[in-house]
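For reference, the structure discussed in these notes is given below.
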Amino acid sequence: MLLLLTFTFSACEDVIEVDLPSGEAKIVIDAEIVWQKGTDGSVQSIKISRMADYYNPTPPKVSGAEVYVENAAGEVFTFIEAAEPGLYICSNFVPELNGIYTLSVTVEGETYTATETLIPVSEINRVEQQVIQDIEGDNIEVAFYYDDPVNQANLYLTEFDTDVLPYPEYELTDDEFFNGNEIRNEISEEDLLPGVAVEITLRGVSRQFYNYMNLILETSSSNPFSTPSANIRGNVVSQGNSQSYALGYFRLCESDRVMYVIE
C-alpha cells in the first residue's frame, strides 16, 4: 500500500505538455495615447510584438517598424524605436481633446492603419473607503467619485492597480443611467488592507473601444492579461488587404489618476 501511494504522488508531479498547433504569428500593436491631466502629453509610446505559442511566456518583440501618428491638420508625430526592442517613443506629441488621429505602422512591407478620436474625461472628485461585510467577513472597499457631464453620452474605463493583486482590475462604465450626475466606482478585495496603495486611473473612451474592451473582459473573465478564447479583432487593419489585420486597438484617452493609501 505504501508503494502504491508513493507512485501516485510521484505521478502527480509529471508535467504533460500538449502538442498544440501554432497559429498565425499575427502582429500585435499596443497603441494607447494617454493624456494625463496636468501634463502636456508630449511623451507617448507604442509597443509592437507578435503572437507567441501557448508555452512561450514572452511574445517576440518586433523591431524595425516605421510608426507615426497624424492629426486632422496633417501634422505627423514620429515614433522612434527605443533601446528596448519593440518599444517606439514620440517625445513631441500634441494632444487635442476630441481631435482625430490616424496611426500608421509599416512592418515587413505591410502597412497597418487605424483612426480614432481623443476622448476627454472628468476629474476625480474624491476617494473614500469603508468596511463592508460579506459571507467571507469584513473587507475594505475603496470608492472614487467623478461628475458626468450633462446632456452628453460618455463612456469610461477605470483601472485599479495595486501590488497585492496579480494584475490590474478594470471596470467599464456607461453613463446611460447616470447622465449629468456624480458617478461612483469601487473596488473591494480581501487583500486590500491598511497601508496598501491603490492607483486609480479613469479614462474617457470611445464607443468602439468600449465595445472592444467589453469583449476582452467577458472572454477573459475580467483579466485582460489572460489568453482569450478567440482573437478579438480591433481597429488596426492592413492598407493592402482589408481582410488582414493586426491584433490590438489604437485608442486615445484623456485620463485622471490618483494614488490612494488605505488607512
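The numbers here are math on the coordinates, done by the rules we state, and not lab data. Since we're looking at a predicted model, the values are computed, not measured. Using ideal geometry, Cβ is built from the backbone for each residue, glycine included, and neighbour counts are taken over all protein chains shown.
Give me the Å³ per residue figure for the convex hull around the C-alpha atoms of the range 23-133. Don't skip to the answer; put the middle values down first.
Values: hull volume 20.4 nm³, N = 111.
Value for the range 23-133: 184 Å³ per residue.
How do the peptides 28-34, 172-178 rank, highest first, by the average count of neighbouring beta carbon atoms within 10 Å per residue?
Values: 28-34: 20.9, 172-178: 13.9.
The packing order, highest mean first, is 28-34, 172-178.
Calculate, for Ser63 and Thr115, the FRET efficiency according to 1/(1 + (r/R0)^6) with r their C-beta to C-beta distance and R0 35 Å; round to the nearest 0.05. Please list the in-between numbers first.
Values: r = 25 Å, r/R0 = 0.73.
Plugging the Cβ-Cβ distance into 1/(1 + (r/R0)^6) gives 0.85.
Using a Förster distance of 25 angstrom, determine the FRET efficiency expected from the C-beta separation of Asn211 and Ala83, and round it to 0.05. Could the numbers behind the result be given before it?
Working: r = 36 Å, r/R0 = 1.44.
Using R0 = 25 Å, I get an efficiency of 0.10.
How compact and how long is the range 90-177, expressed as Rg and Dmax of its alpha-carbon atoms in Å?
In order Rg, Dmax, the Cα atoms of the range 90-177 give 19.0, 58 Å.
Residues in the range 137-172 near a label at Glu182, defined as backbone nitrogen under 15 Å from the 7 Å Cα→Cβ point?
Residues passing the 15 Å test: 143-149.
Compute the length gained on full extension between Glu128 and Gln243: take 0.36 nm times their separation in residues and subtract their Cα-Cα distance, giving the result in nm to one decimal. Mind dumping the intermediate values first?
On the way: separation 115, 0.36 × 115 = 41.40 nm, distance 4.77 nm.
Contour length minus Cα-Cα distance gives 36.6 nm.
Which ordering of Met213, Met51 is given by a fewest-first count of other beta-carbon atoms within 10 Å? Each step should come with its number before you reach the end.
Working: Met213 20, Met51 16.
Fewest-to-most ranking of Met213, Met51: Met51, Met213.
Treat each spin label as a single point 7 Å out from the Cα along the C-beta direction, and report the Leu97 to Tyr167 distance in nm.
3.2 nm
So for the range 111-263, Kirkwood radius off the Cα pairs, Stokes-Einstein at 37 °C and 0.692 mPa s: how many µm² s⁻¹? Please list the in-between numbers first.
Details: Rh = 17.1 Å.
Calculated translational D: 192 µm²/s.
Summing Lys, Arg as +1 and Asp, Glu as -1, what charge do residues with Cβ under 13 Å from the Cβ of Tyr210 carry, Tyr210 excluded? Walk me through the numbers before you get to the answer.
Working: positive: Arg203, Arg207, Arg251; negative: Glu116, Glu171, Asp174, Asp175, Glu176, Glu218.
The answer is -3.
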